[in-house]
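Please read the structure below before turning to the comments.
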Amino acid sequence: MKVEKEVVGVGPRVTTFVVDREKSKRRKRKYSSGVRPIAEIERGVSRVLDRLATAVEEGIYEWRKGSDRSARRKRDGALRDAPQNLAMAVSRTIRVASRAPVDAAKVIPKLRLRKVSRRLVSTILG
């Protein structure tokens with residue numbers, strides 16, 4: 001039995017808990033004949049885009065949190081501390097977005113590139 005993490009929530013306020021779930025009980029995804037490689041590429045690309053969108057969201061959340069804290073602590077604090085808050089936000093964004101290339105690389109071994117490219121070219125050219 002494999003243990004997987006299940007994530008609940010959206011954005012930076014996410015709760016993670018561990019669930020016991022057997023992999024064999026998952027249903028397979030259904031594809032039309034010849035569409036599977038393209039669909040898998042699409043799933044991989046959407047996973048990468050989701051990761052990048054989450055990174056931007058968490059960066060903005062970090063910026064707002066720091067800016068609000070600075071504004072409460074001192075007069076014009078949000079403006080005074082803007083460079084530091086920006087640095088923290090960019091750092092957070094990069095930290096989360098750094099997993100995107102890994103997500104993209106996971107898609108590549110599944111591809112049979114020659115076959116997929118031939119099908120794409122033949123579909124496009126008709």
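The values are calculated or read from the model by the stated rules, or taken from the named source; none is laboratory data. Keep in mind it's a predicted model, so treat the numbers as computed, not measured. Because the Cβ atoms are built from the backbone with ideal geometry, glycine has one as well, and the counts that use them run over all protein chains shown.
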- [ ] Count, please, the residues in region 67-91 that happen to be within 18 Å of E57 (Cα to Cα) and of a type in the set (D, E, K, R).
- [x] 1
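Regarding S70, is this residue polar (S, T, N, Q) and outside any helix (DSSP H, G or I)? Show your work before the answer.
Values: polar (S, T, N, Q): yes; outside any helix (DSSP H, G or I): no.
For S70, the condition - polar (S, T, N, Q) and outside any helix (DSSP H, G or I) - is not met.
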Task: Check on R75, outside any helix (DSSP H, G or I), out of contact with any helix residue (DSSP H, G or I) (no Cβ under 6 Å at 6 or more places or on another chain) and at pLDDT below 95 - done: yes
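Does V116 satisfy the condition of being among the hydrophobic types (A, V, I, L, M, F, W, C) and either surrounded by 15 or more Cβ atoms within 10 Å (Cβ to Cβ) or modelled with pLDDT under 85 (or both)?
On the way: among the hydrophobic types (A, V, I, L, M, F, W, C): yes; either surrounded by 15 or more Cβ atoms within 10 Å (Cβ to Cβ) or modelled with pLDDT under 85 (or both): yes.
So V116 fits the description; yes.
Please specify each residue of region 29-61 satisfying the condition of being in a loop (DSSP other than H, G, I, E, B) and either closer than 30 Å to P83 by Cα or not hydroxyl-bearing (S, T, Y) (or both). Don't jump to the end; show me each part of the working.
If we filter region 29-61 for residues that are in a loop (DSSP other than H, G, I, E, B), which is where we start, we get 29-35.
Across region 29-61, the qualifying residues are R29, K30, G34, V35.
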- [ ] Scan region 89-97 and give yes if some residue there is closer than 22 Å to S32 by Cα and either of a type outside the set (K, R) or in a helix (DSSP H, G or I) (or both), otherwise no.
- [x] no
